[in-house]
Amino acid sequence: MNKAQFIASLAPHFNDSKKDATHAVDIIFDTIVRNMAKGEDVMINDFGKFKKVDRKARKGRNPFTGETIQIKASKKPRFLPAKGLKEVINGTRKLEPAPKPAPKVVAKPVAKKAAPKKAAKKKATKKSAKKAAPKKAKKSAPKKAKKAAKKRK
């Protein structure tokens, strides 16, 4: 699963908003990275621990020439899986059912006294729609004729 697929799987929990799901994922990853850069460990229960590890300078061998080279000291990120994650992966513990997304709340329209004004606008739009429809039909008819002529050739 890549980041886009991960976001798509989270979107239903954010009222089908990929924008909100992306924002949440970005905040989580950013927080983990920032805390690890400070040297702090990030522990998530039943998942694992992210930490920064110092690696000592050491000697190594160049695989092409076989000569001994000096490898600099470095800092590496490390993830240590928690016992709960290991048990789920090994199959000794079953996962609980995934939490279901919250049901969508649909607001009921409230009747207002301004309804006659809306009706007047609808009548105006119907008239303009009737006028616009024949224009579209006139434009589409020549296109269809051109396509039919091309097919004949």
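What follows draws every value from the coordinates through simple rules; no lab data is involved. Predicted model only: the values in this text are computed from it and were never measured. Cβ sites come from the backbone with ideal geometry, for glycine too, and all protein chains shown count toward neighbours.
Tabulated results
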item: Links that overshoot a 31 Å alpha carbon limit, given the list 76/100; 51/94; 38/86; result: 76/100
item: R0 of 30 Å, Cβ-Cβ distance residue 19-residue 100: FRET efficiency to nearest 0.05; result: 0.90
item: Calculated FRET efficiency for the pair residue 5/residue 73, C-beta based, R₀ 41 Å, to 0.05; result: 0.65
item: For 43, 36, 1, order by how many other beta-carbon atoms lie within 10 Å, fewest first; result: 1, 43, 36
item: Extension gain from residue 34 to residue 89, taking 0.36 nm per residue of separation minus the Cα-Cα distance; result: 17.0 nm
